[in-house]
């Protein structure tokens, strides 16, 4: 009877941990399916809308161009200054004389919008401890002032620094995993044997401590493993991009 109670307690703890992991996994899945995928559909729709608007402007189909501008206004934020400027740039396509310059401005503004949304989608798809700060949307005025030559010259240095950073993160997370594997394996094996021994009395406080430290060490292992895999992915991406 006592051994059955021990077995039942271990089963309940395992079931609770599995339920928490399953809940978090399902939440992530719902977020990716219902938010990230919808963002991808919105970006594709905005690209198609931009293409239709430019074609309508080139062919002087002002009715279709007006409809595209209206659709554009419904798909961006009316409270954002950059979005309002994007709508204004789209409306000017039908009236300005230098259409090539206006098309260039409109496409650049649209590219900045799509780039910002893509960075937001990538951030939301990452685990919470890899997300970092909210991506900043570069204003069009700032984009126009960027010196392309200095930007391209700074890329190798930035990549090298990022490569070093992810290598350090990779090594540090691997060290944590090694420490947990080597130093905690035997003590936890002994604890499991003790807590599964029906001839040894365990007070409720000991069970609570056992569960607490199991969750803490398991969380540390999971976080270190995810950190290791994320750093490995980014390190290899930058390495092969060089």
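The values are calculated or read from the model by the stated rules, or taken from the named source; none is laboratory data. Everything numeric in this text was worked out from a predicted model, so none of it was measured. Here the Cβ positions follow ideal geometry from the backbone for every residue, glycine too, while neighbour counts run over all protein chains shown.
Summary table
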read-out	value
Test: residue 114 is under 27 Å from residue 230 (Cα atoms), at pLDDT 90 or above, assigned to a helix (DSSP H, G or I) and not assigned by TED's automatic domain parsing to the domain that holds residue 226	yes
So residue 55, is it outside any helix (DSSP H, G or I) and either modelled with pLDDT under 90 or over 15 Å from the mean Cα position of the chain (by Cα) (or both)	no
Total residues in region 90-107, condition surrounded by 14 or more Cβ atoms within 10 Å (Cβ to Cβ) and over 18 Å from residue 48 (Cβ atoms)	7
Condition check for residue 10: more than 26 Å from the chain's Cα centre (by Cα) and modelled with pLDDT under 85	yes
Which numbered condition residue 65 fails, given (1) more than 22 Å from the chain's Cα centre (by Cα); (2) within 23 Å of residue 144 (Cβ to Cβ)	(2)
Counted residues, region 58-73 - those being free of Cβ contacts under 8 Å to residues at least 12 places away in the same chain and in a helix (DSSP H, G or I)	3
Odd one out for residue 93 among (1) modelled with pLDDT under 85; (2) outside the structural domain of residue 222 (by TED's automatic domain parsing)	(1)
Among (1) touching a helix residue (DSSP H, G or I) at 6+ places or on another chain (Cβ under 6 Å); (2) within 21 Å of residue 114 (Cα to Cα); (3) at pLDDT 90 or above, the one test that residue 64 misses	(2)
